Amino acid sequence: MGTQSCINIQKEWDIVGARQLGRDIAKKIGFGTVDQARIATAVSELARNIYLYADSGKVCFEAIETIDKKGISMIAIDSGPGISDISLVMQDGYSTSRGLGAGLPGVKRLMDEFDLISEKEQGTEVKTIKWLR
Amino acid sequence: MRIPILKLYNYLLISIQTEIDDQTAIQFQEDLLDKIHKSGTSGVVIDLTSVEIIDSFIAKVLGDVVTMSDLMGAKVVLTGIQPAVAMTLVDLGIHLTGVATALDLEQGLIKLHQELGE
Ligand SMILES: Nc1ncnc2c1ncn2[C@@H]1O[C@H](COP(=O)(O)OP(=O)(O)O)[C@@H](O)[C@H]1O
Ligand SMILES: [Mg+2]
């Protein structure tokens, strides 16, 4: 396990900072350009969700390794309003902000592993992993 | 930060060279519509060759700008979308249907020229 790098999301510009950090770490781990773009896009979606719906939170990255594979773990955590109906927000096109509603279902497709844990009034945690091929 | 909009003959030309944050994207939308109105242009090329990521927010702004320009009577062609960006857009489930695209700026101008017959 590598060390974790986190970036706080408080202002809009932090979304750009988060995707740059995500891309840099992905590049260091050895991901190619297409996967770097996938990871950076996923970071951007999760960071924006924190900024829009929870005001503040953080995104953390870590290089991970098992016996036979390497990858990147990306976790987005906030203590915002939480999500009460997870299956609803995972539907393509569902948005409460007149967005495209493509963020969460998109992140699930962009990454290899996706886990959303949320408790109403407690916050939201999205854990994702992309494996190096 | 502001994205520069150039005028070339009857067309407007935009080459996005910087990392776009949300505010810059929205500012660009306003600036472009304003410029279309003032210049009376009928064609716009937005070159995305240097853009490394397009997430759902930026995709929405781009899609909206195409629709709005169209309402004002200007045709927009998006050019130079990188392969990695095209792949992530598909993963996001964003298809930008009805949006004219071309391989590069030159092809974009040719496309406008053909469609507008100017
Ligand atoms: N961190 C979060 N905290 C609370 N609600 C969230 C969070 N992330 C997403 N949501 C909810 O899920 C919906 C869908 O999110 P998403 O798929 O990213 O689409 P969009 O952001 O375009 O609305 C949002 O409109 C919002 O209601
Ligand atoms: Mg979103």
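Can you sort A:E125, B:E115, B:E106 by 1.4 Å-probe accessible area, starting with the largest?
These residues rank, largest area first, as B:E106, B:E115, A:E125.
Which residue, B:A74, B:A59, B:A84, tops the fluctuation ranking in a GNM of chain B built on C-alpha contacts under 10 Å?
Of B:A74, B:A59, B:A84, the Gaussian network model singles out B:A84 as fluctuating most.
Roughly what percent of Cα-Cα pairs across the protein assembly as shown reach past 35 Å?
Taking all Cα-Cα pairs of the protein assembly as shown, the fraction more than 35 Å apart is 19 percent.
I'd like the trypsin sites (Lys or Arg not before Pro) in the range A:9-76 restricted to DSSP loop residues with at most 12 other Cβ atoms within 10 Å, sorted by number.
Passing sites in the range A:9-76 are A:K11, A:K69.
Could you check what % of the DSSP bridge pairs in the range B:6-116 are antiparallel, to the nearest 5?
Antiparallel bridges: around 20 percent, rounded to the nearest 5.
In straight Cα distance, which lysines are under 23 Å from A:K69, not counting same-chain residues fewer than 8 positions off?
Cα-Cα hits under 23 Å: A:K27, A:K28, A:K108, A:K127, A:K130.
Which residue, A:V59, A:V89, A:V43, has the most motion in a Gaussian network model of chain A that connects Cα atoms within less than 10 Å?
Sorting by GNM fluctuation, first place goes to A:V89.
When you take every Cα atom in chain B, what is the radius of gyration, and what is Dmax, the widest Cα pair distance, in Å?
Radius of gyration, then largest Cα-Cα span, for chain B: 13.2, 38 Å.
For the range A:1-49, rounded, prolate or oblate, judged on the Cα gyration tensor with a ≥ b ≥ c (square roots of eigenvalues), a/c < 1.5 rounded, else prolate if a/b > b/c?
Judged from the Cα gyration tensor, the range A:1-49 comes out oblate (a/c at least 1.5, b/c at or above a/b).
Counting residues in chain A as N, plug N into 2.2 N^0.38 Å and put the Cα Rg over that result.
Relative to the 2.2 N^0.38 Å estimate, chain A comes out at 0.99.
Probe 1.4 Å, all protein chains in place: accessible area of A:M74 in Å², nearest 10?
0 Å²
So what does B:L103 come to for accessible area, using a 1.4 Å probe and Å² rounded to 10?
Its accessible surface works out to 150 Å², give or take rounding.
I need to check one value: relative contact order of chain A, counting alpha carbon pairs closer than 8 Å and at least 6 residues apart, in percent.
25 percent
Total Lys pairs in the range B:33-118 closer than 18 Å by alpha-carbon, pairs eight or more apart in sequence or interchain only?
Total qualifying Lys-Lys pairs in the range B:33-118 comes to 4.
What percent does the relative contact order of chain B come to when contacts are Cα pairs within less than 8 Å and at least six residues apart?
25 percent
Sort out for me the Cα centre separation of the range A:57-133 from the range B:29-102, rounded to whole Å.
Each part's Cα centre sits 27 Å from the other's.
The values are calculated or read from the model by the stated rules, or taken from the named source; none is laboratory data. Remember, it's a predicted structure, so these values are computed and weren't measured experimentally. Cβ sites come from the backbone with ideal geometry, for glycine too, and all protein chains shown count toward neighbours. Just the protein is used for accessible areas: all its heavy atoms, side chains included, with ligands, DNA and RNA removed. Shrake-Rupley method; radii C 1.70, N 1.55, O 1.52, S 1.80 Å.
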